[in-house]
Each structure stands twice: as C-alpha cells, then as structure tokens.
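Let me begin by presenting the structure, written as structure tokens, before commenting on it.
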Amino acid sequence: MIKEFNHKNGHYIESNGAKIYFEEIGDNTKPVMVMLHGGFGTMEDYNSMTSYLSKNFRIIGIDNRGQGKSTLGNPKDLTYQQMSKDTEMVLEQLGIDKIILVGFSDGGDIGYRLAISSKVKIEKLIAIGAPWHFNNYSEVAKEIFNRVTPESWKDKFPQTFEKYENLNPEPDFSKLTYALIDLWTDEKNSGYPKENVKNISCPTLLIKGDQDYFFSGESIVNLNNLIEGSLLFIIPNAQHEVYEDQPEILKIGLNQFLKMN
C-alpha cells in the first residue's frame, strides 16, 4: 500500500483550460479523504500526515491548478471558485460523491466553498490555517502580499521554486506568482467565502497555529462562532504550517476529530 504522494502514479483531468493532476494512495476500501494544499505547494506537503491517515482512508491528493504537476491555463482562472470546480471535476471522474476534506491555507478556502455549496457531500471538513475573508489577514500578511515578487520568493524559498520547475509540465514561475497574489487579494465573489461560511453544516475542525501571523486568533474565533457546531483547535508553538511545526500534536487532534460520529 502506497502511503505517500510521489508525483509518479497519478492521472490528469481537463478542467476549464488546465490539466489537473491527482493521485490516490492508502486503502481503497476505506472512506475517501481529499487533501488540498496551500499556495506554491503540492500534495507532497501532506506526506507527514498521510503516513498515518493512509491506514484508514482512501486518500486523493490534488495539485491545485498551476502548481505541482497541474498546468495553470488562463491565470485569471486561478480563483477559489474555479479550484473548487476543478476538485469537483476530479471527483466526478472518479465517481465519488462524498468525502472528508482536508485543506491547508488556499486548500482550506476551497474546502469552505465546497462545504457551502457542492454536488459532492462533505462529510467532515478540516481547515488548517485558512482565513475566510480577505479582511481577516493581518497587516503583516497584507504587507507581505504587496512585497512578493517571483524573485523574492525564489530567494526566500529556493526549494519551493526548484520543485515547481522540476514538476510542472508548463513552468512559468513569474506568471504563477502574480496569479497567486491576485488569488490572495481577490475580494470578488470568486474569492473568499466571507459570511457564506455560516451555511456550512458539516462537522468542521478549524486549526490554527498560535504563532501564525497571517491572521488573528480573534478572526478564527469569529469563524468558529459563524459555523454552527464547529470545533476550534489552536496548536501551541506553531506557525502557519502546523503539520511541520507540531506534527505530533496535530496528529492527536486529527485522530480525535476523525473518530467522532
């Protein structure tokens, strides 16, 4: 049984001008879990979690358009709305109509949108470090968005850039960078779910690192109050990527939530 994503055993589907890459790992007799990564990332970012989740789930990893092995298509289509449709297209191809969804950062915003309105039933939603409104971002985060360029990202995260160049079939890092900035600052209906999160009715676990400077503890408490019955999990001594900073604490919280009826 394959326990980790490797960008070797997957398939493509066509979705609105882009080729979306996905892989399946884990136990294909178990419930389906979909994992969606954050900006500039890939499905492999989840491998510290798939090592134990693969025992109890059929896991589908999707590279969001323009990232990993997925092509970008029209940069204007890199929106949370379109990536939600891309995810639905993958699941339709596989004949899957109910899932547990794990989304980190951008992946969490896709998860919010799918949980609000989708032909796919979201049985449980786990959103990690995912603001629900552009106004939730801290001034520090907004300033970072203003300063990000392809060159600055390459300098700060060279491994991310090298992985992108090695994996992507149509690499254009400059085009991807500016498309992601537009995604993160999109205040139109194609972007963040905003107050529509109040329509999420599935069991939801909201996870945030206590040192995640992208958005405040107050904003995730407000989100927790808007989603009826949601659970809030603040992970100590962790920044944005809690699965790297505190993998063991995250594992405990995930296992408890996934075992709940």
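The values are calculated or read from the model by the stated rules, or taken from the named source; none is laboratory data. On a predicted model such as this, the values are computed, not experimentally measured, just so you know. Counting neighbours? That spans all protein chains shown, and the Cβs are built from the backbone with ideal geometry, glycine included.
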Could you list all residues from the stretch 1-30 that are crowded, with 16+ Cβ neighbours inside 10 Å, more than 20 Å from Glu248 (Cβ to Cβ), out of contact with any Phe, Trp or Tyr (no Cβ under 6 Å at 6 or more places or on another chain) and not aliphatic (A, V, I, L, M)?
-> Phe5, His7, Ser15, Phe22, Glu24
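Please verify whether the stretch 163-172 includes one or more residues that are in a helix (DSSP H, G or I) and either more than 28 Å from Ile20 (Cα to Cα) or free of Cβ contacts under 8 Å to residues at least 60 places away in the same chain (or both).
Filtering the stretch 163-172 for residues in a helix (DSSP H, G or I) gives 163-167.
Among the residues that remain, those that are also either more than 28 Å from Ile20 (Cα to Cα) or free of Cβ contacts under 8 Å to residues at least 60 places away in the same chain (or both) are: 165-166.
Yes, the stretch 163-172 contains a residue that is in a helix (DSSP H, G or I) and either more than 28 Å from Ile20 (Cα to Cα) or free of Cβ contacts under 8 Å to residues at least 60 places away in the same chain (or both).
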Being of a type in the set (D, E, K, R), over 30 Å from Lys154 (Cα atoms) and in a loop (DSSP other than H, G, I, E, B), is that true of even one residue in the stretch 221-237?
-> yes
Out of the residues in the stretch 25-44 that are in contact (Cβ under 8 Å) with a residue 40 or more places away in the chain and in contact with a strand residue (DSSP E or B) (Cβ under 7 Å, 6 or more places away or on another chain), which is nearest to Gly129 (Cα to Cα)?
-> Gly38
For the stretch 105-118, does any single residue satisfy the condition of being modelled with pLDDT of 95 or more, surrounded by fewer than 20 Cβ atoms within 10 Å (Cβ to Cβ) and within 22 Å of Asn225 (Cβ to Cβ)?
-> yes
Please tell me if Asn64 is under 12 Å from the mean Cα position of the chain (by Cα), under 25 Å from Thr149 (Cα atoms) and of a type in the set (S, T, N, Q).
-> yes
For Leu250, are the conditions met, namely being closer than 22 Å to Leu101 by Cα and within 18 Å of the chain's Cα centre (by Cα)?
-> yes
Which members of the stretch 202-215 meet the condition of being in contact (Cβ under 8 Å) with a residue 40 or more places away in the chain and surrounded by fewer than 16 Cβ atoms within 10 Å (Cβ to Cβ)?
-> Tyr213
Residues in the stretch 49-65 that are in contact with a helix residue (DSSP H, G or I) (Cβ under 8 Å, 6 or more places away or on another chain) and over 14 Å from Asn255 (Cβ atoms) total 7
